[in-house]
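Just below is one structure, and these are the notes that go with it.
The values are calculated or read from the model by the stated rules, or taken from the named source; none is laboratory data. What you see is a predicted model, and the numbers here were worked out from it, not measured in a lab. Cβ placement follows ideal geometry from the backbone for every residue including glycine, while neighbour counts extend to all protein chains displayed. We work out accessible area using only protein heavy atoms, side chains counted, and drop any ligands, DNA or RNA first. Shrake-Rupley method; radii C 1.70, N 1.55, O 1.52, S 1.80 Å.
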Amino acid sequence: MIHVIATVELAPGTREKFLAEFRKLIPAVKAEAGCIEYGPTIDADTDIAIQAKMGPDRVAVVEKWETVAALKAHGVAPHMQAYRAKVKDFVKGMELRVLKPV
């Protein structure tokens, strides 16, 4: 199993529009072979002083996949290509972390 953290940087003020499109995508991704977990996250409101916040223009997608091959297949799935076209005006950049348990 691998863990994936995809941090998406958004154009200012577009997070809710981005999340609306992202939520439509979730069922198709969860139906993919090898998908264990897939969902968007934003900063939690806490009083923890050392919490590093992403801010209002970022979303972190938390994912778990059975294999790297499943993650690669996800990246080129037709529904992902259609989704990217829908959110291209919202997304300024993305940082991907692929991690493994130790």
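Against the numbered list (1) more than 20 Å from Leu19 (Cβ to Cβ); (2) open to solvent by 50 Å² or more (accessible area, probe 1.4 Å), Arg58 comes up short only at (1). It is to be established whether one or more residues within the range 33-54 are exposed (fewer than 15 other Cβ atoms within 10 Å of the Cβ) and assigned to a helix (DSSP H, G or I). The answer is no; no qualifying residue exists. How many residues are within 19 Å of Glu95 (Cα to Cα) and acidic (Asp, Glu) if we restrict to the range 22-43? Of the residues in the range 22-43, 2 are within 19 Å of Glu95 (Cα to Cα) and acidic (Asp, Glu).
One residue stands out among those in the range 75-102 that are among the charged types (D, E, K, R) and without any contact (Cβ under 8 Å) to a residue 24 or more places away in the chain: the one that is surrounded by the fewest Cβ atoms within 10 Å (Cβ to Cβ), which is Lys88. Taking residues in the range 53-68 that are of a type in the set (Phe, Trp, Tyr), and partners anywhere that are open to solvent by 50 Å² or more (accessible area, probe 1.4 Å), the pairs with Cβ atoms closer than 8 Å and at least 6 places apart or on different chains are Trp65/Met1; Trp65/Ile36. Filtered by the rule that a residue be basic (Lys, Arg), under 14 Å from the mean Cα position of the chain (by Cα) and part of a helix (DSSP H, G or I), the range 62-102 gives a lone residue, Arg84. Restricting attention to the range 7-22, report how many residues are touching a residue at least 12 places away in the same chain (Cβ under 8 Å) and either acidic (Asp, Glu) or in a helix (DSSP H, G or I) (or both). So the count comes out to 7.
One line per residue, one yes/no per condition, for (1) over 22 Å from Val102 (Cβ atoms); (2) more than 15 Å from the chain's Cα centre (by Cα); (3) modelled with pLDDT of 95 or more:
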site	(1), (2), (3)
Ile26	yes, no, yes
Tyr38	yes, no, yes
Ile48	yes, yes, yes
Lys53	yes, yes, yes
Ala60	no, no, yes
